[in-house]
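J.: To start, I am sharing the structure in question, which I have written as C-alpha cells.
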Amino acid sequence: MAESKNGDDSVPVVSLRDIKKIYQMGDVEVQALNGVDLDIWPAEMIAIMGPSGSGKSTLMNVIGCLDVPTHGIYEIDGQNVSRMKDDDLAAIRCRKIGFVFQNFNLLARTTALANVELPLVYAGVSGSERRKRAVESLNMVGLGDRLHHKPNELSGGQQQRVAIARALINRPSMILADEPTGNLDTKTSIEIMELFQRLNLERGITVVFVTHNPETADFVERVVRIRDGVIESDQRRPATAGIHHTRHELEVASHALAATPAEAEMIARVTA
Amino acid sequence: MNIFEAIRIAMRALAANKLRSILTMLGIIIGVGAVIALMSIGRGVEKYVTDQFAGLGSNLLFVAPGNLSDGPPRLRQTAVKALTMGDVVAISESGRVPEVRSAAAEYQTFGTVARNGKDLTVQVSATTPNYTEVRNWNTTIGNYFTQADFDERQRVILLGADAYKELFPNGEYPIDQTIQLNDLNFRVIGVMESKGGGPGGNLDKSAFLPLTTGQDRLFKKKTVNGQYELSVIYASVENADHMDAAQQQITELMRERRGIKYLAQDDFSIISQNDIISVFGDILGALTIFLGAIAAISLLVGGIGIMNIMLVSVTERTREIGLRKAVGAKRADVLLQFLIEAVTLAVVGGVIGILLGWGMAFGVSTAFDAFDAVVGVDAVLTSLIFSMAVGLFFGIYPAYRASRLNPIDALRYE
C-alpha cells in the first residue's frame, strides 16, 4: 500500500496522535513537541516547515524513528513504533524510511555503488542482489554512468543523487529529507527537487521534507507549519514550482509507456 | 550483517589509514616477533644441548673431584682431593656397587700434536681401554687401544675427527703413521667418530692415548700418596632405571674411601646426564619466564595502542556511525564492526610478528649452523590466539562506545 499512488488508502504512512517530547536539560524541562497530530498519506509530498527552535527537528527525529516520543502514539503503515527499543527502531528505519541529509552523509573513499548498497548490508541482502538493486537505484536518479565514482569525484548535486538512490534502495514507505538542498546552488536545488517530484509522481514514493527554506514549499502540495511544538497550519494547494503542473499528463504518459524504470526516467526527463 | 561483511568493512577501514594501522600494530609486531624468534632459538639451543648430552649415554654417571654445588673451583670451600685409579677399581670391582657394569677413567689436559711440521693444540684424553665402550663412542678408522696396549704403556694414539682432518688434510690413511704429541713420537692407530662441539670444548679436536702411557711419559701429576690423578671417572650403569641406586652406592663407597665424616660435605660430585639436562632445563625455564614477561608487556603496550587508536577512530567516524545506524545498523552491527577492526589490527600485527620472528630465527640458524631454530606450530598458534585476545580485550570498550552512540547526535557531529 505504500507503493500506491492514490491518496485514498485507508492506512496513512505516518500517523501521529498527541505526540509530546519532553527533554530534561539540567533542571529545566523543555517541551519540544506539545501534542502533535498529523497523518501523512501514501504518495503525498509534504513539507514540514518552521523556524529554528520550533520543534521541527524533534518532529523529524520522531517521524524518522531516530527518537521515540515521550507521550502519544506513532504508527508507521499501521504499526505502532512509539515505544520501540533502539534495535527495533533500527530495523524499522532499515525497512521503511529512506534518509536524505543536508550534507549528503556519504561514506568517503567509497564508490557510489557501495554507498547505495549500504542499507541492504544491514537488511541482510546478498551481495549480488545488493549490487543489482544499487545499479537500478542509481539509474533511477540518473547516475547510471557514475557507479564507481567516489564522493570526492562527484559534484554536490551528484552526491545528493547518490544519497537519494541510497534512500530509495530499500523501497521504503517514505523518504525523509532534511534540508536536502541546503548545501546546493539554486540551479542544482531545482534539479534535486524535480527529481523528488518525479520519484513521487512516477513511483508514488511518499516524500517528507523538513526545511525552513520557503522555496522548497513551492515544489510540494502540502505544507505543515510548526511553531512552539504544535502544528500552526496544515495547508494543501497545488505546487507552484517544478514539474507538478504536468502531473496529470505525466501520470498518463508514464502509465502508458513506461515499461522499465529507465524508460520512465527518460519520459520524465523529456517532459521536464 | 554477517561476519565476512564485517571483516571486509574492517579491512577497508584499516587500508584507508595504512601508516596509522602499521604504527598501531608495531607493538604487537615487535612483541610477537621477539617471542617467536627467541622461543625458537631457545628451543634450538635446548635441542642441541639435549642431543649433546644424550650422546653421552643415559646410563652414565660422572664422578668428578670437588663438590660442584660449592660453586666454581676458586670459590670452593672443600679442598679438592684427587680421584685415583684405586677409586676406579673400587667402583667396578669391589662388588660394593653392583649396579655398575664398568667404570672408565680419564685424565684430561691440553697438548700439541704435530705431523710434517704442522701442529695443533688439542684436548688430550688419557683413558682406560674401556673408554669407548663406556662412553658409547666408536672409531671410524682402526680400533681403540687394547688392554695389552694399556698394560704395556704403548705409545699409540687415536685422533678426534677434526684433529685427523687437520693433520691429514689430504685424507691419507692414518694407521701406523707417526705423529708427535708434545714432541714425543706416537703411532696412530685410529680415528674417532665425530661428536661435534660439546660441553667442555670441541670433542673432535682431540687425541686419545692409554692412561698409563700418558702418566708415564707426559703428565706426571701425582697425589700426596704418590698416585696419579684422574679428571673424571665414568661409570656405566647396568640398568638406566637404577641410576639413583647406583649414585647412592658410589657416594657411600667414595665417602668411606675418602674418610668423610658423618654429616660432612662430599668432596666429590656424581653427576648424571639427567642432572645436566635438568640444570639446562632450569636455565631455559628462567629464560621462558623472562620471554613470557617480555611478551606480556609488549602485548599490553600494543593492546593499549590499539585501544587508543580505536577510540580516535570511533570519534573520527562518529558521522559514519550515525549514518550506519540511521540506515538500519543495530548496536550489535556497529559493535561487531569496530571489534573486528581491533581484532584485525592485532591479528595482522601478530602474523607480521610471526613472519618477522621466523625470519630472525632462520637468520640465526643460518649464521650458526651448530643448531636449528625451529618455529613450533604451538608458538605460532599461541601468538595468534594471544594477539586475537588482545584485540578483543582492548577493542571491546571503543566498540561498545561506538555501538552506544545516539544516531541523532552522531549525524550532527562536526
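J.: What is the local net charge at B:M11, summed over the other residues whose Cβ is closer than 14 Å to its Cβ (Lys, Arg +1; Asp, Glu -1)?
T.: That sum, taken over residues with Cβ under 14 Å, equals +2.
J.: Something else now. Using a Gaussian network model of chain A with C-alpha springs under 10 Å, which one of A:G204, A:G127, A:G35 is most mobile by mean-square fluctuation?
T.: The residue that fluctuates most here is A:G127.
J.: Here is a follow-up. Take peptide B:315-327, look around each residue's Cβ out to 10 angstrom, count Cβ atoms belonging to other protein chains, and average those counts. All intermediate terms of the calculation are to be shown ahead of the outcome.
T.: On the way: counts 0, 0, 2, 0, 5, 5, 0, 3, 11, 7, 7, 13, 17.
Whole-number average of other-chain Cβ neighbours for B:315-327 is 5.
J.: Taking the Cβ of B:G281 as the centre, find all other residues whose Cβ is under 12 Å away and add up their charges (Lys, Arg: +1; Asp, Glu: -1).
T.: On the way: positive: none; negative: B:E46, B:D275, B:D282.
Counting the neighbours of B:G281, the net charge comes to -3.
J.: If the reach is capped at under 27 angstrom between alpha carbons, list the lysines near A:K187, excluding any in the same chain fewer than eight residues apart.
T.: A:K56, A:K150
J.: DSSP beta bridges in the protein assembly as shown, what fraction antiparallel, as a percent rounded to 5?
T.: 70
J.: Restricting the calculation to Cα positions, tell me the Rg (one decimal) and the Dmax (whole number) of chain B in Å.
T.: Spelled out, the Cα radius of gyration and Dmax of chain B are 32.6, 105 Å.
J.: Among the lysines, which have Cα under 20 Å from the Cα of A:K85 when same-chain residues fewer than 8 positions away are ignored?
T.: Leaving aside lysines fewer than 8 places away in the same chain, those within reach of A:K85 are A:K20, A:K21, A:K96, B:K325, B:K330.
J.: Next up: Along the three principal axes, how long is the protein assembly as shown when you take its alpha carbons, biggest first, rounded to the nearest angstrom?
T.: 133, 59, 36
J.: Going by C-beta contacts inside 10 Å, put A:I205, B:I297, A:I190 in order with the fewest on the left.
T.: Sorted ascending by nearby Cβ count, the order is B:I297, A:I190, A:I205.
J.: Hey, fewest Cβ within 10 Å first, where do B:F371, A:F99 land in order?
T.: Fewest to most other Cβ atoms nearby, the residues stand as B:F371, A:F99.
J.: For a protection proxy built on the mean count of beta-carbon atoms within 10 angstrom, sort B:383-394, B:172-183 highest first, please. Write down the numbers at each step before the final one.
T.: Working: B:383-394: 20.7, B:172-183: 14.7.
The densest-packed peptide leads the list: B:383-394, B:172-183.
J.: I need the peptides B:37-43, A:143-149 ranked by packing, meaning the mean over residues of other C-beta atoms within 10 angstrom, with the highest value on top. Spell out each step's value before the answer.
T.: Working: B:37-43: 22.3, A:143-149: 15.1.
Those peptides, ordered most packed to least, come out B:37-43, A:143-149.
J.: Still on this model: Whole number please: convex hull volume per residue of the Cα set in chain A, in Å³?
T.: Normalising the Cα hull of chain A by residue number yields 133 Å³.
J.: Additional query: Which percent, to the nearest 5, of DSSP beta bridges fully inside chain B are antiparallel?
T.: 80
J.: Same structure again: Hey, which lysines would be in cross-link range of B:K195, C-alpha to C-alpha under 16 Å, not counting anything within fewer than 8 residues on its own chain?
T.: Candidates past the 8-residue exclusion: B:K47, B:K165, B:K205.
J.: May I ask you to order A:106-112, A:172-178, A:234-240 by the average number of other C-beta atoms within 10 Å around their residues, highest value first?
T.: A:172-178, A:106-112, A:234-240
J.: Here's something else I'd like to know. For segment A:98-238, give me the percentage of DSSP beta bridges that are antiparallel, rounded to the nearest 5 percent.
T.: If I count the DSSP bridges inside segment A:98-238, around 45 percent turn out antiparallel.
J.: Rank B:G171, B:G31, B:G281 by mean-square fluctuation in a GNM of chain B with C-alpha springs under 10 angstrom and give only the top-ranked residue.
T.: B:G171
J.: Another question about this same structure. Determine the gain in length on full extension of the stretch B:N239-B:V89; use 0.36 nm per residue of separation and subtract their C-alpha separation, reporting nm with one decimal.
T.: Extra length from B:N239 to B:V89 when fully extended: 52.0 nm.
J.: Ok, one more. Where Rh is the Kirkwood radius over the Cα pairs of segment B:82-257, the temperature 20 °C and the viscosity 1.002 mPa s, what D in µm²/s does Stokes-Einstein return?
T.: Details: Rh = 16.9 Å.
Stokes-Einstein gives a translational diffusion coefficient of 127 µm²/s.
No value in this document is a laboratory result; all are computed from the given coordinates. A quick note: this is a predicted structure, and the numbers were derived from the prediction, not measured. Positions of Cβ are backbone-derived with ideal geometry, glycine not excepted, and every protein chain shown enters the neighbour counts.
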